[in-house]
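See below for the structure under consideration.
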Amino acid sequence: MPPAHGRGFAQTWWGQAWLKALEDTALDLGQLKAGRRLARAGAVGAVSVRPGRITAVVQDRDGTPHRSDVLLQELSPEEWDRFLEMAVERAGHIAALLDRDMPPHLVEDSAAAGVELLPGIGDLEAECDCEAWDHCGHTAALCYQVARLLDQDPFVLLLMRGRGERELLDELHVRSIARVDSPERREEPHEAAPEGVSAAEAYADGAILPPLPGLPVLPSEPGLPPRLDTEAGPAQGLDVEAVEFLTAQAAVEAYRLLAEALAPGHERLAVEDELTVSEDAVRLAAADPGPAVEARLAAASERGRDGLAIAVRAWRYGGRAALRVLEEEWVPEEASLARARAALAAAWEDSERPELRTVRNRWTVVGSDVQLRHGRDGRWWPYRKERGRWTPAGPAAHDPATALAVASGSE
């Protein structure tokens, strides 16, 4: 075969399964890399395939030839008998092989019959006259080249397992005739073969699939929303400014969600509930819409302009968590309350500790316009009273003294 320049060694799922067995078995990744280089350079000679063994002469980069063999356990007569009986019952399997295809449900049905067609970890045993005790670059190169042969003809795998194509088809033909002529079959009422694919086969197809493609690269910035400044005028009642603002924010939000999804460990994070209409109005208002859109968001959130401005400030400090601390009053459980008191006690010396008045999760410094709010996650949020209303003064901190310093420094 010609050198495999600029392409993978296995394009089919069964070819990839062959390479996975090699790569899971080999102990030295450096030898695998050397094997790939040799195979790509065309260093693997003609490959001899026979039951239980593949052989080729592989040349080193300096031209030194090495006889390399890879052994694969042949199926026993009992295993071949089970495989052939299964194949006779499902003629579509052999038809697929004749088309040089290996459907996943063929491997699944074989496994259900107790016959493993594809090799697994440790099944590919290496022998090479370079006297390596494990897979060397020569046997690895041979395996990479055989993956290309398997792509072209899956009967190569069956030959390694002990049956050549002609022998296998002859045995299936004999068994098919015997099955049709059996007394039991002659007494059975004739039924038309069902059309389509059985549910079991369709389900099996989903169990053996090629690996998913790699994750996409995060774009450098959000996509541009569609432009609405067309020659035609807007429909009656359509707020063009609001629609343009919403489309722009949809692009920004989609970009944020994609960035989070591509971040390491994202799959271990809990799925959050959707934002309420009121919360989403605050999120949108935090993006600095125009006065008309802001007025509509204030009405939708039922906060009014001043209330929305305070909620936006909270959102900018900590998103949904900060907004909930602004709006919720809750009574900490005794364990949570004890941890909060311990954190407060450790934050200051006895002579420096401010006097705090506690109401639920809110700790107000006596004689001051400064307050700490204890979040459900154990963090402390700084607050300050402005024009008679408690207003967020900064992001959350794990240390109450830090949060209090932030609130006090905002005077």
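The values are calculated or read from the model by the stated rules, or taken from the named source; none is laboratory data. In this text the structure is predicted, and so the values were computed from the model without any measurement. Note that we place each Cβ from the backbone using ideal geometry, even for glycine, and neighbour counts take in every protein chain shown. For accessibility, only protein heavy atoms count, side chains too; no ligands or nucleic acids. Shrake-Rupley method; radii C 1.70, N 1.55, O 1.52, S 1.80 Å.
In the range 110-127, is there at least one residue being outside any strand (DSSP E or B), surrounded by 21 or more Cβ atoms within 10 Å (Cβ to Cβ), in contact with a strand residue (DSSP E or B) (Cβ under 7 Å, 6 or more places away or on another chain) and not aromatic (Phe, Trp, Tyr)?
So far as the range 110-127 goes, yes, one or more of its residues are outside any strand (DSSP E or B), surrounded by 21 or more Cβ atoms within 10 Å (Cβ to Cβ), in contact with a strand residue (DSSP E or B) (Cβ under 7 Å, 6 or more places away or on another chain) and not aromatic (Phe, Trp, Tyr).
Can you spot a residue in the range 223-235 that is under 30 Å from the mean Cα position of the chain (by Cα) and either open to solvent by 60 Å² or more (accessible area, probe 1.4 Å) or among the β-branched types (Val, Ile, Thr) (or both)?
yes
In the range 375-393, how many residues are open to solvent by less than 10 Å² (accessible area, probe 1.4 Å) and over 36 Å from the mean Cα position of the chain (by Cα)?
Total satisfying the criteria: 4.
Within the range 345-378, which residues are touching a strand residue (DSSP E or B) at 6+ places or on another chain (Cβ under 7 Å) and either touching a residue at least 60 places away in the same chain (Cβ under 8 Å) or aliphatic (A, V, I, L, M) (or both)?
Scanning the range 345-378 gives Leu356, Val365, Val366, Val370, Leu372.
Those residues that are assigned to a loop (DSSP other than H, G, I, E, B) and under 30 Å from Asp62 (Cβ atoms), I need them from the range 128-175; list them, please.
Asp129, Cys130, Glu131, Ala132, Trp133, Asp134, His135, Cys136
Hey, among Pro219, Pro225, Pro210, which residue is modelled with pLDDT under 70 and either touching a Phe, Trp or Tyr at 6+ places or on another chain (Cβ under 9 Å) or more than 24 Å from Arg100 (Cα to Cα) (or both)?
Pro210 is the lone residue from the list that is modelled with pLDDT under 70 and either touching a Phe, Trp or Tyr at 6+ places or on another chain (Cβ under 9 Å) or more than 24 Å from Arg100 (Cα to Cα) (or both).
Please enumerate the residues belonging to the range 277-293 that are modelled with pLDDT under 90, buried (at least 19 other Cβ atoms within 10 Å of the Cβ) and in a helix (DSSP H, G or I).
Scanning the range 277-293 gives a single hit, Val293.
Cβ-Cβ below 7 Å, separation at least six or inter-chain, first residue in the range 379-402 and closer than 19 Å to Ala343 by Cβ, second of a type in the set (D, E, K, R) and open to solvent by 30 Å² or more (accessible area, probe 1.4 Å): which pairs?
Ala393/Arg384; Ala396/Arg379; Ala397/Arg379; His398/Arg379
Hey, can you tell me all the residues within the range 297-334 that are of a type in the set (D, E, K, R), in a helix (DSSP H, G or I) and either out of contact with any helix residue (DSSP H, G or I) (no Cβ under 7 Å at 6 or more places or on another chain) or surrounded by 19 or more Cβ atoms within 10 Å (Cβ to Cβ) (or both)?
Selection gives Asp306, Arg313, Arg316, Arg324, Glu327, Glu334.
Step by step: first the residues of the range 39-74, then only those that are over 38 Å from the mean Cα position of the chain (by Cα) and open to solvent by 60 Å² or more (accessible area, probe 1.4 Å), then the one that is nearest to Met160 (Cα to Cα). Which residue is that?
My answer is Arg50.
Somewhere in the range 379-397, is a residue in a loop (DSSP other than H, G, I, E, B) and farther than 19 Å from Ala311 by Cα?
Looking through the range 379-397, none of the residues is in a loop (DSSP other than H, G, I, E, B) and farther than 19 Å from Ala311 by Cα.
Hey, among Leu356, Leu326, Leu337, Leu372, which residue is at pLDDT 85 or above, over 13 Å from Leu404 (Cα atoms) and of a type outside the set (Asp, Glu)?
Leu326
Output the residues belonging to the range 75-109 that are surrounded by fewer than 16 Cβ atoms within 10 Å (Cβ to Cβ) and either modelled with pLDDT of 90 or more or among the charged types (D, E, K, R) (or both).
The answer is Ser76, Pro77, Glu78, Asp81, Glu85, Glu89, Asp99, Arg100, Asp101.
When you check Ala250 against the structure, is it touching a helix residue (DSSP H, G or I) at 6+ places or on another chain (Cβ under 6 Å), over 30 Å from Lys385 (Cβ atoms), outside any loop (DSSP other than H, G, I, E, B) and at pLDDT 80 or above, yes or no?
no
Let me spell it out: the conditions are (1) in contact with a helix residue (DSSP H, G or I) (Cβ under 9 Å, 6 or more places away or on another chain); (2) free of Cβ contacts under 8 Å to residues at least 24 places away in the same chain, and Asp129 meets all of them except one. Which number is the exception?
(2)
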